[in-house]
1. Compute the distribution of all C-alpha to C-alpha distances in the range 67-123, in bins of 10 Å from 0, and list the percent of pairs in each, rounded to whole numbers.
2. Report, by chain and number, residues whose modeled amide H sits under 5 Å from the one on Ile67, excluding near sequence neighbours (fewer than 5 apart, same chain).
3. If contacts are Cα pairs under 8 angstrom and at least 6 residues apart, what is the relative contact order of the range 22-99 in percent?
4. Once label points are set 7 Å from the Cα along Cα→Cβ at both Ala107 and Arg46, what is their separation, rounded to one decimal in nm?
5. Which value, in Å², gives the accessible area per residue of the range 69-138 when a 1.4 Å probe is used on the protein heavy atoms?
6. Counting pairs of alpha carbon atoms under 8 Å apart in space and at least six apart in sequence, what relative contact order in percent does the chain give?
7. Residue by residue through the range 47-56, what is 3J(HN,Hα) from phi via Karplus (6.51 cos²θ - 1.76 cosθ + 1.60, θ = phi - 60°)? Round to whole Hz and write x for glycine and proline.
8. For n ≥ 4 DSSP H runs only, could you compute -39500 (n - 2.57) per run for the chain, divide by its residues and tell me the 222 nm figure to the nearest 500?
Amino acid sequence: MTVMVPTARPTVPRRDRLVASVALALSLAVSPLPLRWKVAAVRRLRGLPYARLARLEALHLAVQAVIPSWWPGRIACAEISLATVIATALTGCQARWVHGARFMPHAAHAWAEVPEGAVGRDIGDAVDRPWMPVLTVP
């Protein structure tokens, strides 16, 4: 007999949860827009200092914690990584929004990164085929 146990949502500080909620709402609001418009908006964050990797990981975790289970649309890597970049900007720092690809089988993915490292890039499905950045903003 198999018992399905719902995955527990990570505990996140209230302030990070609030910032992540606003960032995810903005990310979902702009998701129907063309990619070039979203890229242009993220490029405006260029003057901010880069966030520390630990802070980026905390915000990424917060964004994942506030994803609503009732949402009827798509909330995948592009929306989550954009929300992470927006949340980082709302805290006064910046992170790069990266779109990448890999071959065999062909796949596309998006993640956020700072000079110290990335969050959301390694999804654990094929460590022998790394993601290659195709578009990095800013």
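The values are calculated or read from the model by the stated rules, or taken from the named source; none is laboratory data. Source: prediction; values computed, not measured. Counting neighbours? That spans all protein chains shown, and the Cβs are built from the backbone with ideal geometry, glycine included. What goes into the accessible areas is simple: the full protein's heavy atoms, side chains included, and nothing from ligands, DNA or RNA. Shrake-Rupley method; radii C 1.70, N 1.55, O 1.52, S 1.80 Å.
1. Over the range 67-123, the share of Cα pairs per 10 Å bin runs 22, 47, 27, 4 percent.
2. none
3. Relative contact order here is 50 percent.
4. 3.3
5. Heavy-atom accessible area per residue stands at 52 Å².
6. Result for the chain is 27 percent.
7. Result, ordered by residue: x, 6, x, 5, 6, 6, 4, 4, 5, 4 Hz.
8. -12000 deg cm²/dmol
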